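Engineer: Attaching a single structure in C-alpha cells format; questions to follow.
The values are calculated or read from the model by the stated rules, or taken from the named source; none is laboratory data. All figures in this text were calculated on a predicted structure; none of them were measured in a lab. Please note: Cβ atoms are built from the backbone with ideal geometry, for glycine as well, and neighbour counts cover all protein chains shown.
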Amino acid sequence: MYSVSRTDARGRSSRALRPSGRLRGKIALIAPAFGKACEGVFRHPQIVDLLPEYLIEIHTIIRSTTPLMEAGIARAEAMAPADPVAGGVAAYLRRHVEEERFHDKWLLEDLELMGMPPAAVLERLPTATVASLAGAQYYWALHYHPITLLGYFAFAEGFPPSGALVEELIERTGYPRAAFRTFIVHGELDPGHREEIDRTIDGLPLEPGHEVALGLSAMTTGRLLTKTLVELVEDVGTAERPLGQASRRT
C-alpha cells in the first residue's frame, strides 16, 4: 500500500551520516519514478475498475511477506552465532513477523467487498515482475546475507498511503470504507515501521559490503514495484486484464 506523492527528503541532517541516511539517499533516487507510477494508478480515470486490479497485484506481493520473513529468520538465526549483523536481522524479523501475518487475508476480504471473490484472486497467475521481486529477496537472504531483507522493507514500508488518499479513493470509487481496511492499517503502521527499521540499521555493526547489499536490495525493490505498477496500467483493458469485472460483481 503506497502513497502517490511522498518523496524521501530525510537524512539531510545528521542522519545522512548514518547507514540509514545513506540508504534513504539511495531510495530517493528511485522515489520519483515510483511516485509517478503510483500517480498513474490512483489518478486513472477508470479507477473504479483499476483499484481492484491494483489490490490483486499487491496481494500477490504481500502473500509472500510472512513466508519470506520466516525464511529470513531461519537463515539469520543459523548465521547469528558467528555474525552479529545476522543476529540483529533475526531479532528485527522476529519482532515484526506476527504484525505482518494475515495481512494477505485482510486484503482478500477487502477485495471481496469490492466484488472480487477470493477464489478469483487466488487463481490469478502472479506476473514475472512480482515473482522477480519476491524471488530476488529469497535468493539474497538464503544465498548471500539476510541483511538484504532490511533493504526490501526499508523501501516497501517507506511510502505509506495517506489518509487523504484513502478518503479520495473512497469518494471516487464508491467502495465501502470497510474495503480499505488494509490501506488504513498500513497508513497507520508503516511510518512507525520505517523509523524502527532505520534505528535497527543504525544499530548494527555494518561493514561497507552490508551497506552495498542494503542499497541494491532497496533499489531493486523500488524498480520492480515501479515496473509492476507501470505494467498494471499498460495492461488494463486488454485480454489479460479486462476492465469492468469488479463493477459487474458489485
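Engineer: Being more than 21 Å from the chain's Cα centre (by Cα) and surrounded by fewer than 15 Cβ atoms within 10 Å (Cβ to Cβ) is the filter here, so list the residues in segment 99-117 that pass it.
Structural biologist: Answer for segment 99-117, where residues must be more than 21 Å from the chain's Cα centre (by Cα) and surrounded by fewer than 15 Cβ atoms within 10 Å (Cβ to Cβ): just P117.
Engineer: I would also like to ask the following. Would you confirm, using the coordinates I've provided, whether P84 is out of contact with any helix residue (DSSP H, G or I) (no Cβ under 8 Å at 6 or more places or on another chain) and either of a type in the set (A, V, I, L, M, F, W, C) or modelled with pLDDT of 95 or more (or both)?
Structural biologist: Working: out of contact with any helix residue (DSSP H, G or I) (no Cβ under 8 Å at 6 or more places or on another chain): yes; either of a type in the set (A, V, I, L, M, F, W, C) or modelled with pLDDT of 95 or more (or both): yes.
Answer is yes for this residue.
Engineer: So which of R124, R101, R63 is modelled with pLDDT under 95, in contact with a helix residue (DSSP H, G or I) (Cβ under 7 Å, 6 or more places away or on another chain), farther than 30 Å from L204 by Cα and of a type in the set (D, E, K, R)?
Structural biologist: Working: R101 fails: farther than 30 Å from L204 by Cα; R63 fails: farther than 30 Å from L204 by Cα.
Answer to the selection: R124.
Engineer: From E207, E211, grab the single residue that is modelled with pLDDT of 85 or more, out of contact with any Leu (no Cβ under 8 Å at 6 or more places or on another chain) and farther than 14 Å from G158 by Cα.
Structural biologist: Values: E211 fails: out of contact with any Leu (no Cβ under 8 Å at 6 or more places or on another chain).
Among E207, E211, only E207 is modelled with pLDDT of 85 or more, out of contact with any Leu (no Cβ under 8 Å at 6 or more places or on another chain) and farther than 14 Å from G158 by Cα.
Engineer: Yes or no: segment 130-141 includes at least one residue that is polar (S, T, N, Q), surrounded by fewer than 23 Cβ atoms within 10 Å (Cβ to Cβ) and within 19 Å of R63 (Cα to Cα).
Structural biologist: Looking through segment 130-141, at least one residue is polar (S, T, N, Q), surrounded by fewer than 23 Cβ atoms within 10 Å (Cβ to Cβ) and within 19 Å of R63 (Cα to Cα).
Engineer: Where residues in segment 128-171 are within 26 Å of D49 (Cβ to Cβ) and β-branched (V, I, T), which of them is modelled with the lowest pLDDT?
Structural biologist: Applying the filter and picking the extreme gives V166.
Engineer: Would you be able to tell me the number of residues in segment 85-98 that are among the hydrophobic types (A, V, I, L, M, F, W, C) and loosely packed, with under 14 Cβ neighbours inside 10 Å? Please lay out each step first, then the result.
Structural biologist: Applying the first criterion (among the hydrophobic types (A, V, I, L, M, F, W, C)) to segment 85-98 yields 85-86, 89-91, 93, 97.
Okay, now just the ones that are also loosely packed, with under 14 Cβ neighbours inside 10 Å, so none.
Of the residues in that region, 0 qualify.
Engineer: For segment 107-165, list the helices (runs of 4 or more DSSP H) that sit wholly inside it and hold at least 2 residues that are among the hydroxyl-bearing types (S, T, Y), closer than 15 Å to T65 by Cβ and in contact with a Phe, Trp or Tyr (Cβ under 9 Å, 6 or more places away or on another chain); which are they? Explain how you work it out, then say what you get.
Structural biologist: On the way: elements: 118-122, 128-143, 148-156.
The qualifying helices (runs of 4 or more DSSP H) are 148-156.
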